1. Along the positive direction of the dipole of chain B (beta-carbon charges: Lys, Arg +1; Asp, Glu -1; about the Cα centre), which of B:Gln75, B:Tyr125, B:Gly21 reaches farthest?
2. Report the far tail of the P(r) of region B:609-679, meaning the percent of Cα-Cα pairs longer than 16 Å.
3. For region B:1-122, count all C-alpha to C-alpha pairs, find those more than 17 Å apart, and express that count as a whole percent of the total.
4. On C-alpha positions alone, give me the angle between the axis of helix A:38-63 and the longest principal axis of chain A, in degrees, nearest 10.
5. Please give every one of the lysines within straight-line cross-link reach of B:Lys405, meaning a C-alpha to C-alpha distance under 24 Å, and leave out same-chain neighbours fewer than 8 residues apart.
6. Report the gain in length on full extension from B:Asp450 to B:Lys169: 0.36 nm times residue separation, minus Cα-Cα distance, nm rounded to one decimal.
7. Return the distance in nm (one decimal) between the two label points of a simple spin-label model at B:Leu659 and A:Ile6, each offset 7 Å from Cα along Cα→Cβ.
8. Rounded to whole Å and sorted largest first, list the principal axis extents of the Cα atoms in region A:3-104.
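The values are calculated or read from the model by the stated rules, or taken from the named source; none is laboratory data. Being a predicted model, the structure only gives us computed values, none of them experimental. Don't worry about glycine lacking a Cβ; one is built from the backbone with ideal geometry, like all the others, and counts go over all protein chains shown. Note: areas computed on protein heavy atoms with side chains; ligands, DNA, RNA excluded. Shrake-Rupley method; radii C 1.70, N 1.55, O 1.52, S 1.80 Å.
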Amino acid sequence: MQPEVIQSLLQIGPTHYLVLGATLFSLGVLGFLVRSNIIVLLMCIELMINGAGITFITFCRQLGSLEGQVFVLFAMVVAAVEIAVGLSIVVLVFRNRSTLDADKMEVLKW
Amino acid sequence: MVEGRQVFDLLWLVPAIPLFGAIFNCLLGARAGNLIVSIVGCGSIGLAFALSVCIFRAFLDLPPEDRMIEFCVFQWIAAGNFLAPIDLLLDPLSMAMITMVSGVSFLIHVYSVGYMEKDKCFARYFFYLNLFVFFMLTLVLAGNFLVLYIGWEGVGLCSYLLISFWYEKRTAAAAGLKAFVVTRFGDFFFALGIMLVFVQFGTIHFHSVFEDPAKVIDSRMAMWIALLIFAGAVGKSAQIPLHTWLPDAMEAPTPVSALIHAATMVTAGVYLVARCYPIFELSPVSLQIVGITGLLTAFISATVALVHTDIKRILAYSTVSQLGHMFLALGVGAPAAAVFHLLTHAFAKALLFLGSGAVIHALHDEMDIRNMGGLRQYIPATFYTFTIGALAMSGIPGLAGFFSKDAILHATFVNGGFLMWALIVITASMTGFYTFRIIFMAFFGEKRWDVHIHHPGTVMVIPLVLLALLAAVGGYMGVPHVLGGGDRISNFLAPNFGNPEVHATAEPSNKGVALAAEDETAVVESEEAAESEKVLEGVTAETLAEGEGHAPAGSPEMLLMLVSAVMAFSGVGLAYFFYVTPEGREVPAMLSDKFGAVYNILTNAWYFDKVYKAVFIDTYMLMSEFFWKAVDTAVIDHAVRGVAGSLLGGGSIISSLQLGLVRWYATVMVLGAIIIILYI
């Protein structure tokens, strides 16, 4: 590898942030698809939201506008609310069904 | 008391009072109690009768040429050039009709008070009965076709309601339905006839239509109008082929049979044809059809009456037969004779029905004359009045039926030909036989019943006596000239049926020739009649005016009268021989054995009902079943169910994708997203 390329890789730039965001998002998706514990699923959702958030911030820095930051702030608020509601549902589900396995929760189908 | 012409302004009250009675009995009757209901019910009709008598007296004071009073109650429909006011027309014909209708109705109402006293629906009964009288009076007083049609349908409705009065009884409900449907079949054509009249004349007003119809329509169009109107009359007056409803209508309470199905409603058809006579006169063909229908009906139903054993059905067939006589009279150009017979028949037949009602009442609803007998000693008042009615009905000289029937027979002989005359004379003899068969089987011989006799109360006997009086002397309004009478009825009705003088001199018996051109005897006879008319030309003009187109022909008429009287007596005598004398007792059974085929035809009423059932009802049932099973169930239901089922099936396939697993949904979502991204 040429030194300039190594140099540019070591230099932390937008690419790194985008890769980080994409990785986080993919890990979230992957985790959501393979795990069955509801709490883990909620955590995976958080991962995806934050992955998307990092991507937003990156582009907002890159383009020099503030809309991305506004979006991220909103997303964080929504995520906090979502986790509050989600966790209370999880607690109730656990009390009623004594399990946190998402695959066992299939009664709401026709 | 209102004087002079003013009394005519009260004409509208004649139908209005019964309407008031009907409304009262409908709304308050159930709460008012039987006494008040009977007072209102009978009283309203009695008032209407008293009023029509007053009007009648004032009417007689008018000179004959003024005897045509029109009275507009209010303008009802006015659309463009179509005007339909509620207007009433008082002329000799409607005058005679309202007097008869209100009078007979009054007597029958009074009788009903006794007959129906135990019935729990007393008020409903009088509501229907009063309503019927209202519609009937509207019908006969109508001044245009539409008002007549209202009355026409109204009486049909009341007939339906009263036939099915005991609606818990299946047969009664079915009979009411049958009567309604069959008469409606005729009414449909009548409605078409009215429309045709409006199209041709531009008005439905009687006076303008009948003033000179020849100016507007030719004989072909007159034939169509006449036949359509006649179809309505056939249904209402129970003529062949629409006569089958009347015998079944005997499910009604007996006073109803007397009022509606003998005296008034069924004669509405005769009234209608008489009313529209100017149109019928324009078309000899239509008169011929009317006459032949009447003749066949008279003959066929008389034969059926010979063998029936239900007292009311015998009388019903007798009614059909007598209505046939009236149509025959109309057909052979003697409308005055028809109306005369209508009136005398109304008295006699109402009397017979009420008498049979008293018999049925006495024997606790027994209607089979085979289970009667010997009633003479038990209910003598009913026996005597019934006998007077039967004598009048059979045409025994001196009583009402004789004069009117004789007028018909004479007109038939002169205008219809020998064959028609012979048939109607045989029918006259059968009339004597079947009426006296009832008398001999019900009132004579040994008693074949063991119940406690219900004696008819005074309210039932008084109408019987009054009607018997009318049936006995009613004929004297039309005693023919040969017997020294004045033939006042045709004189009275002369303004209605054109100017007979013109017919008598200008076109002597042309109808007779036209009617039976192929019947040579008839031609000879009518020529004879014409000759004898010439002989009689010296007679005063008044006599000619009263002669209904064929002034009395002296001795031939006497001879005819003698023949018909002999035939009537022979019928009565035969009934006496068959049902009273010991030698004759076995003859009826023997005859029915020997002529089993004929007997079967007669007891089955010439298979009219069976044929209609096979042709119309069964076909209709088959069609219904076809449409039910083949079309409705197979096609329509399957189509609807198919659509629903395919949606359901498709849905169940798709719904199998709904596993309820969150991660499965997420996987599908991700895959979808990936596909979309790849596609972009």
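1. The residue sitting farthest along the positive end of the dipole is B:Tyr125.
2. Across region B:609-679, Cα pairs with separations above 16 Å total 72 percent.
3. Summing the P(r) tail past 17 Å for region B:1-122 gives 63 percent.
4. 30
5. Cα-Cα hits under 24 Å: B:Lys236, B:Lys312, B:Lys349, B:Lys511.
6. Between B:Asp450 and B:Lys169, full extension yields 98.6 nm more.
7. For the pair B:Leu659/A:Ile6, the computed spacing is 4.9 nm.
8. 60, 31, 14
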